[in-house]
Each structure stands twice: as C-alpha cells, then as structure tokens.
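The values are calculated or read from the model by the stated rules, or taken from the named source; none is laboratory data. In this text, all values refer to a predicted model and were calculated from it rather than measured experimentally. Methodologically, a virtual Cβ is constructed for each residue, glycine included, from the backbone with ideal geometry; neighbour enumeration extends over all protein chains shown.
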Amino acid sequence: MKSLYFLIAFIAGCASSFQGLFNGYWQQRLDLKTVLLVNATVVMVGAVIYYLIMVAREGNKSGYDSMTPAIIVGGLCGLVIIAAMALVFPKIGPLNAITLFVAGQIAAALFITYFGILGSMGSLEPTKIIGAFVTLVGVYLVLR
C-alpha cells in the first residue's frame, strides 16, 4: 500500500509541472486573473462533486463545529502555488521553476518535520538530513 502512496505523490509532482506549464502559457496569452479564476472554478466544481459523492456515500459527517479560520491556510497556499508558478514558468523556465519549487518543499518539509507542526509524523534521522542536503546540492547544480 505504501508504494501506491509513493506513486500518487509522484503523479502529483508531475501534475504540478504540467500545471505550471499550462498556467504559465495561458498567463502570458491572457492574464493571471483569468488563469486564477479558471483554476479556482475547476477546483471548486471538482470539490463540490467530490463532496456530494461522499455525502451520498457516508452521510454528512462534516465537523463544522470544530472548524477554525485556519482551515483556509491550505487554500491560500494553493493560490500562492498556482499564481507563482504561472508567473515564473515562462520567465525562468520549467526546470528552474520546478527545481526551486522542490527546494522550497524540502526546506518546508524539514521545518515541519523538525517542529512536528500540526502533529506531522516523521523523524529527522541523519540519513534524511544528508539526503535533503544532497538534493539541495543538486538544486544548486541545476540552477548554475
């Protein structure tokens, strides 16, 4: 089952590259506000369809009463990702954009894991720290 999760994460990485490519392409031909609106619409429609399917299957177990304003942080992060990648893909190229994107993910993941933010699991064994460092050296080599 773990390999399925690895595959899903890999596919998400591929999707982020194609998302940046297409959003950057359309951002140059139209504008960023249109690209963001179209992306938000697609995500909203998909989320509503998923929500309705799950409610039909499982009933409404939402837990709205325990929700705080912090729930919007994920959406704000998504907005930053979509807007930033649409802007930088055409300017610095896909390889540089995704390389820096991955470097940011690694730095954030190390920070999140180290501090256990929101109960995130994982530990920072020396091999993981060395692996992250080697990856960041690779980032440097790609960007030179």
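I'd like to check something: does the range 31-39 contain any residue that is more than 21 Å from the chain's Cα centre (by Cα), more than 16 Å from S17 (Cβ to Cβ) and either touching a residue at least 40 places away in the same chain (Cβ under 8 Å) or outside the structural domain of G13 (by TED's automatic domain parsing) (or both)?
For the range 31-39, residues more than 21 Å from the chain's Cα centre (by Cα), more than 16 Å from S17 (Cβ to Cβ) and either touching a residue at least 40 places away in the same chain (Cβ under 8 Å) or outside the structural domain of G13 (by TED's automatic domain parsing) (or both): absent.
Which of the residues belonging to the range 111-144 are within 19 Å of the chain's Cα centre (by Cα), under 18 Å from F101 (Cβ atoms) and either among the β-branched types (V, I, T) or surrounded by fewer than 12 Cβ atoms within 10 Å (Cβ to Cβ) (or both)?
Listed by number, the residues that qualify are F111, I112, T135, V139.
Taking the range 59-106, which residues are in the same structural domain as V35 (by TED's automatic domain parsing) and either hydroxyl-bearing (S, T, Y) or touching a strand residue (DSSP E or B) at 6+ places or on another chain (Cβ under 9 Å) (or both)?
Scanning the range 59-106 gives S62, Y64, S66, T68.
Quick one: which residue in S17, S66 is surrounded by 13 or more Cβ atoms within 10 Å (Cβ to Cβ) and small (G, A, S)?
Going through S17, S66 in turn, the sole match is S17.
Suppose we filter the range 92-106 for residues that are surrounded by fewer than 13 Cβ atoms within 10 Å (Cβ to Cβ) and touching a helix residue (DSSP H, G or I) at 6+ places or on another chain (Cβ under 8 Å); how many remain?
Number satisfying all stated conditions: 1.
Might you let me know whether the range 27-38 holds any residue that is part of a helix (DSSP H, G or I), of a type in the set (D, E) and exposed (fewer than 13 other Cβ atoms within 10 Å of the Cβ)?
Taking every residue of the range 27-38 in turn, none turns out to be part of a helix (DSSP H, G or I), of a type in the set (D, E) and exposed (fewer than 13 other Cβ atoms within 10 Å of the Cβ).
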